[in-house]
1. Let me check against my output: what whole-number percent is the relative contact order of the range 39-220, with C-alpha pairs under 8 Å and at least 6 apart?
2. Which chymotrypsin sites (Phe, Trp or Tyr not before Pro) from the range 56-150 combine a DSSP loop assignment with at most 14 other Cβ atoms within 10 Å?
3. Out of all DSSP beta bridges in the chain, what portion is antiparallel? Express it as a percent rounded to 5.
4. In a solvent-free Debye calculation with one equal scatterer on each Cα, what is log10 I(q)/I(0) for the range 28-133 at q = 0.16, 0.22 Å⁻¹, listed in the order of the q values?
5. Once you've got the GNM for the chain with C-alpha springs shorter than 10 Å, pick whichever of 64, 316, 18 has the biggest mean-square fluctuation.
6. Name the most mobile residue of 315, 20, 328, meaning the one with the largest mean-square fluctuation, in a Gaussian network model of the chain with Cα contacts below 10 Å.
7. Could you work out [θ]222 nm for the chain from helices alone, using -39500 (n - 2.57) per DSSP H run of at least four and dividing by all its residues? Round to the nearest 500 deg cm²/dmol.
8. With a point put 7 Å past each Cα toward its Cβ, work out how far residue 79 is from residue 38 in nm, to one decimal.
Amino acid sequence: MTMMYEAETLFAQTISLAPSGPERDAHRRVRAATAALAGGGAVLLCDDLGRPRRGEIVSAAECADEHTTAFMVRHTSGFLQVALPAERCTALGLTAQCGADSPAAQQRVSVDAAHGVGTGISAADRATTAAALAATGSTIESFTRPGHLVPVSVDTDSGGNGFAEAALQLVTGSGHRPAALFATLIGTTDPAELAAGSELTDFANSYNLPLVALNDLTALAEPGTVLDSEFELPSGRARMLVFDDARVSWTCLLIGDVHGGAEVPLRAVPAEHLLLEAGARSRFPHILVAATCGRTGDPRGHRNVLIDRIGTSSSALRRILRTAGVQSVRVEVDVLPRATD
């Protein structure tokens, strides 16, 4: 049995790419957080605003002072970490701790600043060490090991969305050097537990700390792509983007000038027919999208997945379309599989 494809428009739905209310709220929270960090303050980073189960106090390492680190020590377990880009850890000779082998964020051997500290454990000493980790002039010899601050290596190209990655993203976005000091908030009713739920929001309100969530940053992050290439097709200039979204690998072809376009036709096509469809289309501009891993499946299902991804604020596909300047798309599935003997 073989599968033939017959042209047939099954369904069309217009989806706006204008920021939704939740997306605008995420923008507001991120702006408030980066403004506080830019001024040398701290923010509270939680996992999920709807059901927060963990929160990290975050500040820029280059702004660390005795007051900041004392505040962190007082309201956390006292385990202070500094998120750094992986290449910075390599340059400073910060080797991984035994057993700390997460591919996205690795704890490194703890350090103290080699100069300007006493025992290294005081709030002032740890502030000095944090600032040294952020300083451009620091070298391998600038630190002694082991110490009282734990560097965390972050692969900034991995697209990870953990606390270390988010803390580093916030600090970098605030204009400071890429070094984020952070520590986990403990419970106010039970200091043996992590703060969760209303404890996190109450703490943020009590100390006037902007509260921001991991998914706020995910929704606003630049979409990562495996491939981003431009070329000419018979129907015009095209841009191909290959990316992962919701554990599926996708290929998106933007054909023609889609910037500022409203109700730009967006069609779901089988991966093996992508370039054939691109060359055959006379409508211009338009967008073709194909799932390029696993089986393509029923185009109806493909369409439903597309509608879900385009409408989900955190999806890479929605962010790619918005980055391209598309105002809205008209999602269509125009192929049906027909079994033949």
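1. So the answer I get is 35 percent.
2. 79
3. 75 percent
4. -0.84, -1.35
5. With Cα springs under 10 Å in the chain, the top fluctuation among 64, 316, 18 is at 18.
6. 20
7. Value at 222 nm, helices only: -8500 deg cm²/dmol.
8. 3.4 nm
Every number in this text was worked out from the coordinates using simple rules, so none of it is lab data. Bear in mind that the values here come from a model prediction, so they are computed numbers and not experimental data. Backbone-built Cβ (ideal geometry, glycine too); neighbour counts: all protein chains shown.
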